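Read-outs: derived from the displayed coordinates by stated rules, not from any lab. Just so we're clear, the structure is a prediction, and the values are computed from it rather than from any experiment. When we count neighbours, we look across all protein chains shown, and the Cβ atoms used for this are built from the backbone with ideal geometry, even at glycine.
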Amino acid sequence: MGRLVNSLRVRLIGVMLVIITALVPPLYLGVSAIVREGYADRFVNSLRVYSRLVADELETLDEGDFDRRAVALLDSVVLSGQVVFAEISDDSRKLHSSIATPLIQGPLRDDFHFGDQGDQVYFITHTVKRGDHVLVLRLGFDEVPTAEQIAAAERRVLLAMGVFVLASMAVAVWLSWMIARPMVRLQHAAQRVAGGDTQAQLHISSSIREVQELNFHLEHMRRELVGTSERLSREIREREVSEEKRLDLERRLQHRERIATIGTLAGGVAHEFNNIMTPILLYSQLALEEVPADSAVARDLTRVIAAAHRARSLVTRILTFSREVETQQPNVFPLRAPVEEALALLRDIVPANIEIVFTAPQQPLLVRGDASVVHQVVINLCTNAYKAMGRNGGKLGVKLAAVDDPPDGQVAPGCYHLLEVSDTGHGMDKSVLAHIFEPFFTTREVGEGTGLGLAVVHGIVSSMGGAITVRSRPGHGTTFSVYLPATRAQPQTAAAGIGA
Amino acid sequence: MANILVVDDEVDIGEVIRRVLERAGYAVTVTHNASAALGAVARQPPDVVITDVIMPKVHGVELIRILRERFPGIRVIAISGGGSFGPLAYKPDAIKTHAYLAAAREAGAQEILTKPFDLTDLLAAVRRLLPN
């Protein structure tokens with residue numbers, strides 16, 4: 001209830017109602033008084049004129065047979081319709097109209113006020129001089145028609161008042177609505193803004209200046225708010241992004257540290273291991289020469305030697321990954337050379353249902369390093385690629401390109417040559433992707449993979465000052481991107497290829 | 001018959017190299033450190049010295065330098081396993097053998113063999129240095 005009363009509309013209507021109810025009764029009373037007096041005056045004035053005429057007529061009546069003529073005059077007066085009582089009297093007698101008297105009931109009193117006495121008759125008295133004696137003419141006029149006219153007029157006034165009140169009410173409602181509507185719309189708009197729809201503009205078309213100003217200031221306030229909130233959310237977003245970057249950097253650092261630690265450990269072990277492997281290998285080979293070639297001992301020794309060779313190549317790979325093998329003197333060579341040599345080798349190994357697509361630009365992409373390790377990189381990446389496609393086959397893409405803008409955060413800014421190896425194989429999920437460059441991490445069956453291929457690639461690429469990134473989606477294949485620093489120097493020797 | 005001096009602090013390695021080379025018809029002396037090797041060279045200069053580069057006290061590279069200086073006619077084969085060694089072998093700044101092998105080549109070693117090498121590799125290296 002209080003809520004209703006406090007509403008602007010209800011208050012406006014209430015005020016209008018109070019004004020109307022205070023205004024209407026006196027207005028009505030005033031108007032009806034004027035109407036009543038107007039009618040009464042006209043009634044009285046016309047009666048005075050009429051009765052004067054009758055009195056004049058009486059004065060001029062012939063003397064002979066006066067009484068009969070007077071009664072006839074009174075009768076004609078009564079018959080005229082307005083007069084209900086007509087009487088002529090002097091000291092000795094009274095003459096009445098022969099038809100009017102019965103119309104009057106009850107005692108007749110002199111009544112010189114319209115509407116008084118409740119007898120609905122208005123009396124006028126005139127003195128008529130005839131010769132030496134004086135007659136008194138008394139006429140009683142019917143008030144009823146005039147009273148009826150007055151009542152009808154009052155009803156019309158009342159009706160007009162009613163119409164006025166209704167119209168005023170309508171105007172009050174309309175006005176209150178006109179005034180309150182922009183406010184209500186502003187309120188709704190402000191509610192929308194408060195509810196989170198900060199783009200909801202506060203635009204209310206109103207001709208009321210105060211509303212316009214209110215609207216203007218509210219809209220101004222809204223824009224300020226929107227600006228502030230956008231700035232705040234931008235800052236929060238930026239902070240989140242920088243936090244993400246920091247975490248990413250931290251992860252990469254940890255990853256690098258882990259790999260470095262494993263590499264260092266492997267390096268330490270490798271020296272001892274190689275020393276131990278040397279007599280095993282040499283004694284086995286010596287012993288093999290001592291026994292007949294087709295003997296069981298020879299066969300066993302061959303197996304020992306083969307195992308020793310595998311052990312040796314494992315250590316070599318570990319050291320490659322930890323960048324501790326002796327590489328050739330770095331020189332400048334076109335990236336295409338070792339890649340094509342590796343692809344020539346791979347074409348013999350890769351199943352026929354896998355299509356190898358090699359694309360490279362015309363100009364030579366020169367890099368500095370050991371061409372044989374790039375060869376190794378291509379072999380390792382492509383081996384993983386075709387194994388990921390398995391029996392279903394697919395497309396093995398090898399692409400070379402010059403890139404001026406390597407992906408942010410992976411390598412230092414500068415010019416790089418891209419070696420990209422992509423497959424359409426099973427892809428990897430995030431949990432696998434997180435570990436692929438770690439040594440001894442493999443998803444293949446035990447005995448199928450050493451878990452060193454990508455670790456070696458990582459080691460080689462890092463030692464060349466480059467970087468490697470991987471994109472993969474389970475079921476959609478994998479793409480490895482190797483970025484090697486571009487160099488402008490010309491190749492030093494033609495023997496930049498493999499096996500030099 | 002050509003004389004070959006083998007220097008390796010690992011007894012097993014020195015012995016197996018002796019076995020291989022003697023079987024191939026070479027006269028072989030084995031020592032286990034640089035000073036003993038220098039003593040052996042002084043007594044009887046060999047045609048070829050096969051030396052480990054990583055040994056306690058005087059390492060192989062130093063030995064090669066001394067041999068270069070005093071006995072320029074002696075040919076040298078440097079051998080070593082890959083990886084790291086020394087008291088910091090398991091630390092990131094450990095000494096890397098490939099640095100030593102590179103130094104050995106610079107000091108004058110004609111052949112480099114990385115352990116573990118095959119018997120045929122060893123004989124091939126020796127034969128390259130002793131063509132007759």
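Work out from phi, with θ = phi - 60° and the Karplus expression 6.51 cos²θ - 1.76 cosθ + 1.60, the ³J(HN,Hα) of each residue of region B:61-68, listed in order in whole Hz, and give x for Gly and Pro.
My calculation for region B:61-68 gives 5, 4, 4, 4, 4, 4, 4, 4 Hz in order.
At 222 nm, what value in deg cm²/dmol follows for chain A if DSSP H runs of at least 4 each add -39500 (n - 2.57) and the sum is divided by all its residues, to the nearest 500?
Values: 10 runs with 278 residues, N = 500.
Taken over chain A, the calculation gives -20000 deg cm²/dmol.
Name the residue from A:6, A:30, A:85 whose Cα lies farthest towards the positive end of the charge dipole of region A:2-168, charges +1 on Cβ of Lys and Arg and -1 on Cβ of Asp and Glu.
Among A:6, A:30, A:85, the one farthest towards the positive end of the dipole of region A:2-168 is A:6.
Which one, A:463, A:379, A:392, is farthest towards the positive end of the dipole of region A:327-485 when Lys and Arg carry +1 and Asp and Glu -1 on their Cβ?
Most positive-ward Cα: A:392.
Could you work out the relative contact order of region A:2-168? I mean the mean sequence separation of Cα pairs under 8 Å and 6+ apart, divided by the number of residues, in percent. Each step should come with its number before you reach the end.
On the way: 174 pairs, mean separation 41.1, N = 167.
Value for region A:2-168: 25 percent.
Calculate the mean, over all residues of peptide B:13-19, of how many other protein chain Cβ atoms lie within 10 angstrom of the residue's Cβ. Working shown, then result.
Numbers: counts 5, 1, 3, 9, 3, 0, 5.
The per-residue average across the peptide is 4.
Under 18 Å between alpha carbons, and skipping anything fewer than 8 positions from residue A:430 in its own chain: which aspartates and glutamates qualify?
Of all the aspartates and glutamates, those that pass the test against residue A:430 - Cα under 18 Å, at least 8 places apart if same chain - are A:244, A:248, A:250, A:438.
Round to a whole angstrom and tell me the spacing of the C-alpha centers of region A:130-169 and region A:371-442.
115
What does the charge dipole of chain B about its Cα centre add up to, to the nearest 20 debye, if the Cβ of each Lys and Arg holds +1 and the Cβ of each Asp and Glu holds -1? Please report the intermediate quantities before stating the final value.
Values: 15 positive and 15 negative charges, 55 e Å.
So the magnitude is around 260 debye.
Ordered by packing density, taken as the mean number of other Cβ atoms within 10 Å over each peptide's residues, highest first, how do B:37-45, B:3-11 rank? Present the calculation step by step, with values, prior to reporting the outcome.
Numbers: B:37-45: 15.6, B:3-11: 22.0.
Descending mean neighbour count gives B:3-11, B:37-45.
Using the Karplus equation 6.51 cos²θ - 1.76 cosθ + 1.60 (θ = phi - 60°), what ³J(HN,Hα) coupling, rounded to whole Hz, does each residue of region B:17-28 give in order, writing x for Gly and Pro?
Once rounded to whole Hz, the list reads 5, 4, 4, 4, 6, 5, 5, 7, x, 9, 8, 10.
Rounded, prolate or oblate for the protein assembly as shown? Axes are the square roots of the Cα gyration tensor eigenvalues, ordered a ≥ b ≥ c, and the cut-off for rounded is a/c under 1.5.
On the way: a/c = 7.24, a/b = 6.30, b/c = 1.15.
It is prolate, given that a/c is not under 1.5 and a/b is the larger ratio.
Could you go through region A:206-220 in sequence order and give the Karplus-derived ³J(HN,Hα) for each residue, using 6.51 cos²θ - 1.76 cosθ + 1.60 with θ = phi - 60°, rounded to whole Hz, and x for Gly and Pro?
These are the phi-based 3J(HN,Hα) values: 9, 8, 7, 4, 5, 5, 4, 5, 4, 4, 4, 5, 4, 4, 4 Hz.
Taking 8 Å as the Cα distance limit and 6 or more residues as the minimum spacing, I'd like the relative contact order of chain A as a percentage.
Working: 632 pairs, mean separation 49.8, N = 500.
RCO, chain A: 10 percent.
About its Cα centre, what dipole magnitude does region A:185-307 give when the only charges are +1 on Lys and Arg Cβ and -1 on Asp and Glu Cβ, stated in debye to the nearest 20?
Numbers: 17 positive and 19 negative charges, 136 e Å.
The calculated dipole for region A:185-307 is roughly 660 debye.
If packing is taken as the mean number of other Cβ atoms within 10 Å per residue, what is the order of A:35-41, A:385-391, highest first? The partial results should precede the final answer.
Details: A:35-41: 15.4, A:385-391: 17.7.
Sorting A:35-41, A:385-391 by mean packing, highest first, produces A:385-391, A:35-41.
Arrange A:358, A:43 by Cβ neighbour counts within 10 Å, fewest through most, would you?
Values: A:358 13, A:43 21.
With the sparsest Cβ surroundings first, the list reads A:358, A:43.
Among rounded, prolate and oblate, which fits region A:2-168 when a ≥ b ≥ c are the square roots of the eigenvalues of its C-alpha gyration tensor, a/c under 1.5 means rounded, and a/b larger than b/c means prolate? Spell out each step's value before the answer.
Values: a/c = 4.39, a/b = 4.09, b/c = 1.07.
Cα axes put region A:2-168 in the prolate bin.
If amide hydrogens are placed 1.01 Å from N in the peptide plane, which non-local residues have theirs closer than 5 Å to the one on residue A:356?
Correct list: A:396.
Sort A:437, A:216 so that the residue with the fewest other Cβ atoms within 10 Å of its own Cβ comes first and the one with the most comes last. Can you show the working numbers first?
Numbers: A:437 22, A:216 13.
By the 10 Å Cβ count, ascending, the order reads A:216, A:437.
Would you mind giving the mean number of other chain beta-carbons within 10 Å of the Cβ of each residue in A:306-318, as a whole number?
Values: counts 0, 0, 2, 2, 0, 1, 7, 0, 0, 5, 2, 0, 2.
Mean inter-chain Cβ contacts per residue within 10 Å come to 2.
Hey, if you put +1 on the Cβ of every Lys and Arg and -1 on every Asp and Glu Cβ in the protein assembly as shown, which of A:306, A:426, A:66 ends up farthest toward the positive end of that dipole?
Going by the charge dipole, the pick is A:306.
Determine the shielding of peptide B:110-116 by partner chains: average, over its residues, the number of Cβ atoms on other chains within 10 angstrom of each Cβ. Before the final figure, lay out each step's value.
Details: counts 0, 0, 1, 1, 7, 13, 15.
Averaged over the peptide's residues, the number is 5.
With contacts defined as alpha carbon pairs under 8 Å and 6 or more residues apart, what's the relative contact order of region B:3-129 in percent? Mind showing how you got there, number by number?
Working: 213 pairs, mean separation 28.1, N = 127.
That works out to 22 percent.
In debye, nearest 20: dipole of chain A around its Cα centre with unit charges on the Cβ of K, R (+) and D, E (-)?
Numbers: 51 positive and 57 negative charges, 475 e Å.
Roughly 2280 debye, rounded to the nearest 20.
So, by mean Cβ neighbours within 10 angstrom, what's the order for A:376-383, A:51-58, A:269-276 with the highest one leading? Don't jump to the answer; show the numbers that get you there.
Details: A:376-383: 22.5, A:51-58: 16.8, A:269-276: 21.0.
In descending order of packing, they fall as A:376-383, A:269-276, A:51-58.
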